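Structure, as structure tokens:
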Amino acid sequence: MSNYPFSFDPKEPFVQQVSDWVSDVFYDKLPEFGFEVRDEQIYMAYQLERAYRDKQTIFAEAGVGTGKTLVYLLYAINYARYTRKPAIIACADESLIEQLVKPEGDIAKLANYLDFTIDARLGKSPDQYICLNKLDDARASMDEDAMLYDEMYRSLPKFVHSPETMQAFHSYGDRKDYPDLHDEQWEKIGWDVFQDCLVCSQRHRCGQTLSREHYRKSTDIIICSHDFYMEHIWTYEARKREGQLPLLPEHSSVVFDEGHLLETAAQKALTYKLNHAVFESIITRLLEGEVRESLAVAVEESIVQSENLFALLDVHSSPVPGSDRREIAWNDELLREVNRFCDMIASIEEELVFESGLYTLDEYQLKIVEEHLEMIQLALGLFKKSNQLISWVTEDKDALTLVIMPKWVKEILTKQLFSSKMPIVFSSATLSVQGNFDYMSESLGVEQALSFSVESPYDYENQMKIQYAPLSSEQHMEKKLTATLEMLQQTEGRALLLFRSKEELAEFKQGANRIPQFANYQFLYEGTGEISSLIAEFQQNEISCLCAVTLWEGLDIPGPSLSQVIMWSLPFPSNDPVFAARRKDAVNPFEDVDMPYMLLRLKQGIGRLIRKQDDKGTITIFDEKLQDPTIKEKVLQIVPAGVTVEQLDR
Ligand code: SF4
């Protein structure tokens, strides 16, 4: 039987044959099941044909409802079969991964209507899995949830408890299997960056490592988050040196869904977190063998230096209100100590070159420690050109962690991603600035790319209404709550409430809990359970209201469950070190950094409301900044043409 959903002629160019079949799908096959033929889809298919044929990068800007996902899936899957390497579909975050594979999602549609079996597997980030070591600690702790963690442990597969049992291992411990755990409960048992899986004695029966074996074997597509894909890129060489498999297998093409968010994910993945206790536990592994005295002394000195450095960071950092971060006041003394620490690590690395020739250290352990030291050196090396990094400290369980993030990632992306000869698709409704893609190309380091834009086919003028009220949370909290309640009464719930920050969401929750009428509706708050389970509940339970900070993008809920979107304030960036650094570099920080970010996010937020031809609804925006004529004008410019915009009478 043919590997392809069409009869393949080896004498003809493959991508051309895919395109012919894709045309059949959109002109003939899907209309049989009630799908409309859309010119936008056919146009998109021709554009993607060029990218796949010439193995190029393409910016595919397509408005809501253009069916862009179906188009890129058809190319990605066929190309994967042709090259015998899966395609990677990278979504903006973990919650959006699940949306692609939900029963009414685009993959299921293709499989049903085209009688097409698709091998789609999820490559979730490690933090979506239980860490057995942390679970052990949580069970043994005096934590109020220790009993709950103990029950979770007992429900794990048999092979976790009795490793000698001869049975097939399989992945388990996915956060999705524990929908009721809130974020704080999950943080106590989920993987985090300080877990050293490479030397962990439980790794062979850990659900997190076992999940990799499953998704690696996909023949069609692997769906992961942008963060995970970037993690794959940055760790690719190091993992190979350590004798590990890269996080993702060799692949034939990549699609970045909501591709406008890739730069942030790249920065996040390149972030390094240094913590004294973790450093000490890594470096003292070198003392487990019979090492020369000079190395032992160097190790001891580096531990003392690390301790000094963190004590100084404690003195020279101050809390940032409304966050768990502390801002560092960099001065000559601090920079001198960072450089001293860096030099000490360099001398340990030199010592290790000698030591490895003596074979007194376990070779595997040595490799792992060397990799850690190299990562620390790379991160601390950024301090030599301090205008190229963003840094802060966080405090957790009385210990400080130094967080180091590069300011620009484009050079690395050009070298490690865009230089590969493979089709790379950026898909989003917001990639260009009025049809110009230079900003995206420039910030990501894309030297050459194809591009196109297609508008949404929806009749926004008749499907959507926008209203706004220039109210602030500080002075007009009660008015905002009353207006929200009235709006919820109109649609009997069925609302998505979007917040700028976790703090804003918490304030709303407190306010809503004070007013008895809010109890008439079921509120689902982000952070109180696993996010894709909350989304599924919102979709199924029509009269519920979903309150979220991270769902301005990507959420796809067609139908009456989402009949209105209430934006608790304009989505200006919060008080975040990344934006603080960008503002410092900008000539006009507000116009160049805050405003474009807010407008892009707002446009995405507006896009959550109308998800199909017969959807109708209202968007409400609260923010006193709408009294500013410049801001108001910019906001009005991104409203879809013809939509009525009214000021609420408050
Ligand atoms: S392999 Fe990693 S995630 Fe699994 S138990 Fe060990 S440290 Fe935790």
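The values are calculated or read from the model by the stated rules, or taken from the named source; none is laboratory data. These numbers were taken from a predicted model, which means no experiment stands behind them. Cβ coordinates were reconstructed from backbone atoms using ideal geometry, including for glycine residues, and neighbour counts include every protein chain displayed.
For segment 589-603, name all the residues that are modelled with pLDDT under 90, touching a Phe, Trp or Tyr at 6+ places or on another chain (Cβ under 9 Å) and buried (at least 20 other Cβ atoms within 10 Å of the Cβ). Across segment 589-603, the qualifying residue is only V593. Scanning segment 303-335 for residues that are in a helix (DSSP H, G or I), under 35 Å from the mean Cα position of the chain (by Cα) and not polar (S, T, N, Q) yields I303, E307, L309, F310, A311, L312, L313, D314, V315, L334, L335.
Specify the residue that is nearest to the ligand (Cβ to nearest atom); the eligible residues are those in segment 134-149 that are within 21 Å of C200 (Cα to Cα) and surrounded by fewer than 18 Cβ atoms within 10 Å (Cβ to Cβ). So, considering only residues that are within 21 Å of C200 (Cα to Cα) and surrounded by fewer than 18 Cβ atoms within 10 Å (Cβ to Cβ), the one nearest to the ligand (Cβ to nearest atom) is D136.
Among the listed residues L352, L366, identify the single one that is under 29 Å from A266 (Cα atoms) and surrounded by 18 or more Cβ atoms within 10 Å (Cβ to Cβ).
On the way: L352 fails: under 29 Å from A266 (Cα atoms).
Sole residue among the options that is under 29 Å from A266 (Cα atoms) and surrounded by 18 or more Cβ atoms within 10 Å (Cβ to Cβ): L366.
Summed over segment 201-228, the residues that are within 14 Å of the ligand (Cβ to nearest atom), hydrophobic (A, V, I, L, M, F, W, C) and in contact (Cβ under 8 Å) with a residue 60 or more places away in the chain give a count of 1.
Out of L198, L156, one residue alone is farther than 26 Å from Y272 by Cα, within 15 Å of the ligand (Cβ to nearest atom), out of contact with any Lys or Arg (no Cβ under 8 Å at 6 or more places or on another chain) and of a type in the set (A, V, I, L, M). It is L156. Whenever a residue of segment 111-128 is in a helix (DSSP H, G or I), its partners that are within 16 Å of the ligand (Cβ to nearest atom), lying with C-beta atoms within less than 7 angstrom and at least six residues away or across chains, give the pairs P126/W191; P126/Q208; D127/G190; D127/W191; D127/D192; Q128/D174; Q128/R175.
Return the residues of segment 252-307 that are crowded, with 18+ Cβ neighbours inside 10 Å and acidic (D, E); say none if nothing qualifies. Scanning segment 252-307 gives D257, E258, E263.
The set of residues in segment 66-124 that are surrounded by fewer than 20 Cβ atoms within 10 Å (Cβ to Cβ) and among the polar types (S, T, N, Q) comprises T83, N112, T117.
Given the residues S225, S211, which is the only one that is touching an Asp or Glu at 6+ places or on another chain (Cβ under 8 Å), under 26 Å from G173 (Cβ atoms) and either among the β-branched types (V, I, T) or outside the structural domain of V193 (by TED's automatic domain parsing) (or both)?
S225
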